[in-house]
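Asker: Below are the structure tokens for one structure; questions will follow.
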Amino acid sequence: MCRFAQQKFPPVAAYTLGIVGHSWVLALGLLLFTMSPSFPAENPHAGGIIVWAVHESLPSFDLHFDTSYIVTQPIAPLYNGLITQDVYNDGEIIPDLAERWEIAEDNTQITFFLRTGVKFHDGSDFSCADAQYSLDKLADRKRASPTYATIFEEVYASSTCRDDFTLIVSLKRPSAVIMTMLSGAQAVMMKKGITEGADRKNAKFLVGTGPFKFKSYTPGVDFQAERNPKYWKPGLPFIDGYRAVVMSDLTKIFASFRARQLTMTGIGRHLERPEAEILTREFPDAVVAIGPRATWDNFVMNVSKPPFNDRRVRKAVALGTDREKMIDIAVEGWGLLGGFIGPHTPFALPLDDLKQHHQFAPDMEDRRTEAKRLLVEAGYVNGLEVEYQVRRGPLYERGALSRQDDLKKVGINLKIMLLDTAANRDRHEKNDFQVYTAPSSVAMDDPDLYYARYTCDAPSNFGRYCNPAFDQLFDQQSRIFDVAKRAEITRQMERILLEDLPDDRGYYWRSSMGYWNRVKNWPPLLATTVYNYGKFERVWCQSSECM
Amino acid sequence: MQTYILRRILLMIPTLLGAVTLIFLIMRLLPGDVALYILGSDESSEMNREALQRIRSELGLDQPLIVQYGEWVWKALRFDFGNSYWTRQPVIEELGRRYPMTASLAFLSLLLGTLIAIPIGVLSAIRQDTFIDYGARIFSIAGLSIPSFWLAILIILGLVHYFRWLPPLDYAPFWVDPWLNFKQLVFPALVTGYRLSAIGARMTRSSVLEVLREDYVRTARAKGARELVVVLKHALKNALLPVITIIGIELLVLFGGLIVVETVFTIPGIGRFLVDAITHRDYPSIQALVFVFAAFVLVINLLVDIVYAILDPRIRYA
């Protein structure tokens, strides 16, 4: 049992939108809530620089194009979105540059009423034309991340400006995911024409409306930003600036944190359990934060080829895998059992329901006996040999070894092949694999993002799983805004996957980080904190000293 | 001698071309390319074949290998190494930004290594089979055996555990801020310099021992010269020849060590750039770096030969 303070696992915030979607009055209420943030009793201190580590240099400054956490964490505070997630309130969707919004009766049109008087860092005014440009850019695979654009363009039809401060977004079909995507850290509002006017590697590209402005960037060293004194939210932010330092080695990151060169190990990252224990033992002023994380270990089986085209073999894998042991070995206890959708979301089957499925039953001996029987029934009397591709990295390798040990006991001998990321993905793209393990994650906690990979035509459906009944339910849930109704369908979908087993979920990771207690009003860790952490807008440092 | 040097310089051209061709082919044999990274290094990314194709086409990766190779060589002849596929900046600029850190680190490592190696080697030789000698030999064998990444991590952990201190996160070239540069590089230089000093000390010891048995040393002692003069003036000067050779060769090995040390200590030098470039399949950067490293190796080899000839006038090259 973990002895660190557990943070509250939130329901997925974005889904309050369902209510908002049918009542703009509530949206207005949310607006009023946002405009009067509740701060702790102590008055915030102005000043201080927050320093944290990211493990790689920024490939570009374009948050629409490069959506990885490496870009999102340092760049997002330079911008605002139309709407955003309140990280202090379970990630609820709240207004940002849009003061309020209305959703049409048929759920295919959203009208955003934009703030007036907002200025970009270069002094120009923010208006509807900028918002329209940004949304068009997000839906364009050439100007935005193909990952993001692929999902966004499925739903987004076009946008028009009724006037300078009213944006009308038309959708191709009703979709609950659109608001989740728009509230995500990547859907920021850029200045009209920025892509055509500046290279996305050039600092001139970084013109936003956010609480911080670009200060400097040294590839391989750091990215620095400073407080925007003309930020449209008066009095915010409190800190003078921040610095994201490039460090690839976890030992160095932790050592630098202990030497007080870093304010935090990372944002929702870079702290493992042994290091957390050192912090709690030796550093009374260090805070160890842990929370859920929308990242999981999976064992993706190629269902288009033998032996995994046989459901009995896939079932044998699921039965033979001791998930709790894997959590102990791979992440030293810092993991969560879950099915095919984040267990922290309202869309997942409750753990008790999950345990009704044989592969989650506690009796391992019974499971192994059944797994062996299934293999024999499938014709593998003497067991089988499988090439198992594993992405390099201690976290993945440890889990893979645990699985190898488990499956050997039921007669499946995994021959581990360690590959780096590029080689790994190359093999997946060419459908040249039997089974692989790599961490998977979603940047936004939405069923569309979790389940798209299992639909028949999804480009990321590397395992070639296809079940038309599942696809039908996928389409159906995607159109429903009401969380409870949507969850009914997503749970049906999860039950299908638990039977079909396109892959086998090992465990869900947990986000974790260490920071000094001089840092005040740091939000609780949510499943997608690595992307959405509140842009340091309301964070402050005691006596203006962040370390 | 001049003809010899000229011939060596001309021979560098095919050697360089061979090295670059080899790395060009090896990199293309590895599965995966930078387009996969640009689309997202995480498995959650929706793999989009159309986008993959577009990026590959933009980068020229869909061209036949011979065309890619020909273009690269033609540009490299004009010192245009192209743009990095990953950072999208000119590779020459990337190298220019990083080389001061690597050069400073290499120089400091060499300095520390030599300053440690020669006194220890001499002391070990003149106090042969004493505890000083045993200690020096343990020091040098440990230096040869301990992997530099392990020593680097140990130093980082030791500094944090005992002093709650680490080299600063800021970087500055030596000529901009020498003190900051020293604080930043002294521990990484100790790691890389240790191996160098170990080899240098062992070589110095055996070389000095050999020289101390020479007739001219006996003659110097017979003349009544002080022991210090005998060792430093008569023995050491002559014993240094093989030491210089080995340090020259080890300087090349040192660059391998720098790659590891720059990665562990998070120093934004050329070594770390190479590691990142290989990870991202950033072909232009890798090829440019291999070109630079190969040129460096050839130049160092040539310099060692020239210094050898200067130190020992009996040596002449055909």
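The values are calculated or read from the model by the stated rules, or taken from the named source; none is laboratory data. Everything numeric here is computed off the predicted structure, so don't read it as measured data. Heads up, the Cβs are rebuilt from the backbone with ideal geometry, glycines too, and the neighbour counts pull from every protein chain shown.
Asker: Please work out which one of (1) modelled with pLDDT under 95; (2) touching a Ser or Thr at 6+ places or on another chain (Cβ under 8 Å) is the condition A:ASP90 fails and give its number.
Answerer: The single condition A:ASP90 does not satisfy is (2).
Asker: Determine which member of the set B:ARG281, B:ARG272 is closer than 22 Å to A:ARG391 by Cα, at pLDDT 85 or above, buried (at least 24 other Cβ atoms within 10 Å of the Cβ) and within 14 Å of another protein chain (Cβ to nearest Cβ).
Answerer: Working: B:ARG281 fails: at pLDDT 85 or above.
Residue meeting the stated conditions: B:ARG272.
Table: residues versus (1) polar (S, T, N, Q); (2) within 14 Å of chain B (Cβ to nearest Cβ); (3) within 30 Å of B:TYR99 (Cβ to Cβ); (4) in contact (Cβ under 8 Å) with a residue 24 or more places away in the chain.
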{"position": "A:VAL188", "(1), (2), (3), (4)": "no, no, no, yes"}
{"position": "A:LYS191", "(1), (2), (3), (4)": "no, no, no, yes"}
{"position": "A:ASP199", "(1), (2), (3), (4)": "no, yes, yes, no"}
{"position": "A:THR209", "(1), (2), (3), (4)": "yes, no, no, yes"}
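Asker: Quick one: how many residues across region A:242-275 are more than 8 Å from chain B (Cβ to nearest Cβ), modelled with pLDDT under 90 and assigned to a loop (DSSP other than H, G, I, E, B)? Before you say what the answer is, go through the steps one by one.
Answerer: Here is the first cut: in region A:242-275, the ones more than 8 Å from chain B (Cβ to nearest Cβ) are A:242-244, A:250, A:253-254, A:257, A:262-275.
Subset that is modelled with pLDDT under 90: A:250.
Imposing the further condition that a residue be assigned to a loop (DSSP other than H, G, I, E, B) reduces the set to none.
Adding up the residues that qualify gives 0.
Asker: I'd like the full set of residues that are at pLDDT 90 or above and away from chain A (no Cβ under 11 Å), limited to region B:163-176.
Answerer: None - no residue of region B:163-176 is at pLDDT 90 or above and away from chain A (no Cβ under 11 Å), so the list stays empty.
Asker: Take B:VAL230 and tell me if it is surrounded by 15 or more Cβ atoms within 10 Å (Cβ to Cβ) and without any contact (Cβ under 8 Å) to a residue 24 or more places away in the chain. Lay out the reasoning, then the answer.
Answerer: Working: surrounded by 15 or more Cβ atoms within 10 Å (Cβ to Cβ): yes; without any contact (Cβ under 8 Å) to a residue 24 or more places away in the chain: yes.
Answer is yes for this residue.
Asker: So for region A:302-309 (the condition being closer than 30 Å to B:ALA152 by Cα and either at pLDDT 95 or above or in contact with a helix residue (DSSP H, G or I) (Cβ under 7 Å, 6 or more places away or on another chain) (or both)), does at least one residue qualify? Break it down into steps so the answer makes sense when it comes.
Answerer: Our first condition is that a residue be closer than 30 Å to B:ALA152 by Cα; within region A:302-309, this holds for none.
No: region A:302-309 contains no residue that is closer than 30 Å to B:ALA152 by Cα and either at pLDDT 95 or above or in contact with a helix residue (DSSP H, G or I) (Cβ under 7 Å, 6 or more places away or on another chain) (or both).
Asker: For a quick check of your reading of the model, give me the residue pairs whose first member lies in region B:183-206 and is closer than 15 Å to B:GLU250 by Cβ, whose second is of a type in the set (D, E, K, R), with beta-carbon atoms closer than 6 Å and at least 6 apart or on different chains.
Answerer: If the second residue must be of a type in the set (D, E, K, R), the pairs left are B:LEU196/B:GLU250; B:ILE199/B:GLU250.
Asker: Is it true that some residue in region B:157-177 is among the hydrophobic types (A, V, I, L, M, F, W, C), under 30 Å from A:ARG281 (Cα atoms), touching a Leu at 6+ places or on another chain (Cβ under 9 Å) and outside any loop (DSSP other than H, G, I, E, B)? Spell out how you get there, then give the answer.
Answerer: Of region B:157-177, the ones among the hydrophobic types (A, V, I, L, M, F, W, C) are B:157, B:159-160, B:163, B:165-166, B:169, B:172, B:174-176.
The next check asks that each one be under 30 Å from A:ARG281 (Cα atoms); those that pass are B:157, B:159-160, B:163, B:165-166, B:169.
So of that shortlist, the ones also touching a Leu at 6+ places or on another chain (Cβ under 9 Å) come out as B:159-160, B:165-166, B:169.
Narrowing further to those that are outside any loop (DSSP other than H, G, I, E, B): B:159-160.
Within region B:157-177, one or more residues are among the hydrophobic types (A, V, I, L, M, F, W, C), under 30 Å from A:ARG281 (Cα atoms), touching a Leu at 6+ places or on another chain (Cβ under 9 Å) and outside any loop (DSSP other than H, G, I, E, B).
Asker: Specify the residue that is farthest from B:PRO100 (Cα to Cα); the eligible residues are those in region B:182-198 that are surrounded by fewer than 22 Cβ atoms within 10 Å (Cβ to Cβ) and more than 13 Å from every other protein chain (Cβ to nearest Cβ).
Answerer: Quick first cut of region B:182-198, residues surrounded by fewer than 22 Cβ atoms within 10 Å (Cβ to Cβ) only: B:182-183, B:186-187, B:190.
Cutting the leftovers down to more than 13 Å from every other protein chain (Cβ to nearest Cβ) gives us B:182, B:186, B:190.
Details: B:PHE182: 13, B:VAL186: 15, B:LEU190: 18 Å.
Taking the candidates together, the pick is B:LEU190.
Asker: Looking only at residues in region A:434-448 that are buried (at least 21 other Cβ atoms within 10 Å of the Cβ) and more than 8 Å from chain B (Cβ to nearest Cβ), which one is nearest to A:ASN298 (Cα to Cα)?
Answerer: It comes out as A:THR437.
Asker: I'd like to know if region A:212-222 contains one or more residues that are under 30 Å from B:PHE163 (Cβ atoms), of a type outside the set (Ser, Thr, Tyr) and free of Cβ contacts under 8 Å to residues at least 24 places away in the same chain.
Answerer: The answer is no, given that none of the residues of region A:212-222 is under 30 Å from B:PHE163 (Cβ atoms), of a type outside the set (Ser, Thr, Tyr) and free of Cβ contacts under 8 Å to residues at least 24 places away in the same chain.
Asker: Still on this structure, please answer the following. Only one residue in A:ASN80, A:ASN107 is buried (at least 17 other Cβ atoms within 10 Å of the Cβ), touching a residue at least 24 places away in the same chain (Cβ under 8 Å), more than 14 Å from chain B (Cβ to nearest Cβ) and on the phi > 0 side of the Ramachandran plot. Which one? Write out each step before concluding.
Answerer: Details: A:ASN80 fails: on the phi > 0 side of the Ramachandran plot.
Unique residue meeting the criteria: A:ASN107.
Asker: Could you tell me how many of the residues in region A:228-253 are more than 30 Å from B:VAL275 (Cβ to Cβ) and touching a residue at least 24 places away in the same chain (Cβ under 8 Å)?
Answerer: Filtering region A:228-253 for residues more than 30 Å from B:VAL275 (Cβ to Cβ) gives A:228-240.
Now narrow it down to the ones that are touching a residue at least 24 places away in the same chain (Cβ under 8 Å): A:228, A:230, A:232-233, A:236-240.
Of the residues in region A:228-253, 9 are more than 30 Å from B:VAL275 (Cβ to Cβ) and touching a residue at least 24 places away in the same chain (Cβ under 8 Å).
Asker: Restricting attention to region A:451-477, which residues are more than 21 Å from A:SER175 (Cα to Cα) and more than 14 Å from chain B (Cβ to nearest Cβ)?
Answerer: Our first condition is that a residue be more than 21 Å from A:SER175 (Cα to Cα); within region A:451-477, this holds for A:461-467.
If the condition is that a residue be more than 21 Å from A:SER175 (Cα to Cα) and more than 14 Å from chain B (Cβ to nearest Cβ), then A:TYR465, A:CYS466, A:ASN467 are the ones that fit.
Asker: Would you please list the contacts, defined by Cβ atoms under 6 Å and residues six or more apart or on different chains, that run from a residue in region A:367-390 that is within 19 Å of A:THR437 (Cβ to Cβ) to a residue that is assigned to a helix (DSSP H, G or I) and among the small types (Gly, Ala, Ser)?
Answerer: Sorted first by the residue in region A:367-390, then by its partner, the pairs are A:ALA371/A:ALA316; A:ALA371/A:GLY320; A:VAL390/A:ALA400.
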